[in-house]
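Written below as structure tokens is the structure these notes are about.
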């Protein structure tokens, strides 16, 4: 008896699932790379320009230097060094802020931080003010130069404007 031999099926590559997987990977890469771009930005914080508001109540000055010194009402409170713990610094600031509040109402805390101070130190100062039950907090800033003092404000065209 002679059996009919069937030819071996030719291998077939189905490209549609392959294309679907590649599209999903492409979408994932597009979404994830847009967020990693933020770490490469050079950020220069703006200076604030506002009219001086009249002080209706007392204010407590909390100063943070670039080297990590904290002063409340110009009195040294804490210093950041290699062994400084966040909880210890915050506790010292809370005690100093509560001692500086002589009014019946909670005074406004004005935080004056050096431009080179670490952001974490400013967060510690905010947390200390919150723990000390101060609900009004302000940040001291330098006023930017006026338009007349700005170097690009003159009548002379710049290189880009010619």
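Details
- The label point for residue 140 and the one for residue 31, both projected 7 Å from the Cα toward the Cβ, are 4.7 nm apart.
- Average Cα contact separation per residue, segment 69-139, under 8 Å, 6 or more apart, as relative contact order %: 33
- Using equal-weight Cα scatterers in the Debye expression, the normalised intensity of segment 69-139 in log10 at q = 0.19, 0.25, 0.28 Å⁻¹ is -0.72, -1.26, -1.57.
- Here the extension length gained between residue 133 and residue 71 equals 20.5 nm, from 0.36 nm per residue of separation less the Cα-Cα distance.
- If the chain linking residue 61 and residue 116 were pulled fully straight, counting 0.36 nm for each residue of separation and taking away their Cα-Cα distance, it would gain 18.0 nm.
All of the numbers you see were taken from the coordinates with simple rules; none came from a lab. Because the structure is predicted, anything quoted here is derived from the model rather than measured. Neighbour counts are summed over all protein chains in view; Cβ atoms, including those assigned to glycine, are modelled from backbone coordinates with ideal geometry.
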